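Asks: Here's a structure for you.
The values are calculated or read from the model by the stated rules, or taken from the named source; none is laboratory data. Since the model is a prediction, treat every value here as computed from it, not as a measurement. Cβ atoms come from the backbone with ideal geometry, glycine included; neighbour counts cover every protein chain shown. Ligands, DNA and RNA are excluded from the accessible area calculation, which covers all protein heavy atoms including side chains. Shrake-Rupley method; radii C 1.70, N 1.55, O 1.52, S 1.80 Å.
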Amino acid sequence: MDVMVQWVRVYWTKRSRGGSGAVRRSALPEAFLLPEVTPPFVHEVLLLERDGFVPRMTVTDGVPPNAEVELTETGGRLQVRLAGREPPEWANNGLDLAWRPRAVTLRPRQTVRWQINHRFVTKRGWYYRLDTLNVCYGRRTAELFLRPPTHRVDERSQL
């Protein structure tokens with residue numbers, strides 16, 4: 001499967017919810033340059049408030065587990081869908097998960113950017129996460145995801 005997946009995950013607390021913290025967080029990139037790796041691979045970029053939102057990157061060979069994103073290749077097309085109909089008991093993003101966008105079908109050389117945010121509660125209090133999933137089917141350049149995507153799905157909610 002000729003697939004490049006990039007997860008950009010931003011974690012923050014109430015310190016970055018409003019004012020200058022929110023301005024800084026909102027200016028963070030939705031995509032990064034891809035590493036020089038042969039597909040399929042998953043490029044994960046973590047941006048943590050506690051680290052000043054400095055990107056930490058990892059690369060894993062293969063495709064992501066079906067528990068995260070469902071990738072189905074048939075007839076020269078790739079269907080992409082965020083997995084999971086029910087959030088964990090401790091997660092809440094404000095969405096009614098009875099309705100989820102359908103899978104996005106990619107032709108070769110097309111991309112999708114899928115965004116969803118979450119609110120979590122822990123012993124230390126609330127924290128928040130924005131997931132941006134960038135997927136490309138069949139074309140690889142380092143700056144691939146820096147361009148506008150072919151398809152965009154926005155599941156972000158007011159947190």
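Asks: Over the chain, what is the relative contact order in percent, taking alpha-carbon pairs closer than 8 angstrom and at least six residues apart? All intermediate terms of the calculation are to be shown ahead of the outcome.
Replies: Numbers: 317 pairs, mean separation 45.8, N = 159.
Computed value for the chain: 29 percent relative contact order.
Asks: A further question on this structure: Any idea of Val54's accessible area? Nearest 10 Å², probe 1.4 Å.
Replies: 90
Asks: Suppose accessible area is computed on protein heavy atoms with a 1.4 Å probe; arrange Phe32, Phe145 from highest to lowest.
Replies: On the way: Phe32 25, Phe145 5 Å².
Ranking Phe32, Phe145 by accessible area, largest first, yields Phe32, Phe145.
Asks: If you don't mind, another one. Charges at C-beta only: +1 for Lys and Arg, -1 for Asp and Glu. How large is the resulting dipole of the chain about its Cα centre, in Debye rounded to 20? If you can, show how the numbers build up before the last one.
Replies: Working: 25 positive and 17 negative charges, 118 e Å.
Here the chain has a charge dipole of around 560 debye.
Asks: I'd like the Karplus ³J(HN,Hα) series for segment 146-155: coefficients 6.51, -1.76, 1.60, θ = phi - 60°, whole numbers in Hz, and an x wherever there's a Gly or Pro.
Replies: 7, 8, x, x, 5, 10, 9, 10, 10, 10
Asks: Moving on to the next point. In square angstrom, what is the accessible area per residue of the chain with a 1.4 angstrom probe? Walk me through the numbers before you get to the answer.
Replies: Working: 9010 Å² over 159 residues.
Solvent-accessible surface per residue comes out at 57 Å².
Asks: Using the Cβ atoms and a cut-off under 13 Å, what net charge is assigned to the surroundings of Gln79, where Lys and Arg are +1 and Asp and Glu are -1?
Replies: Numbers: positive: Arg77, Arg81, Arg102, Arg107; negative: Glu70, Glu73.
In short, +2.
Asks: Quick check: net charge around Pro55, other residues with Cβ under 11 Å of its Cβ, Lys/Arg +1 and Asp/Glu -1? It would help to have the intermediate numbers written out before the result.
Replies: Details: positive: Arg9, Arg56; negative: Glu44, Asp51.
Here the count lands on 0.
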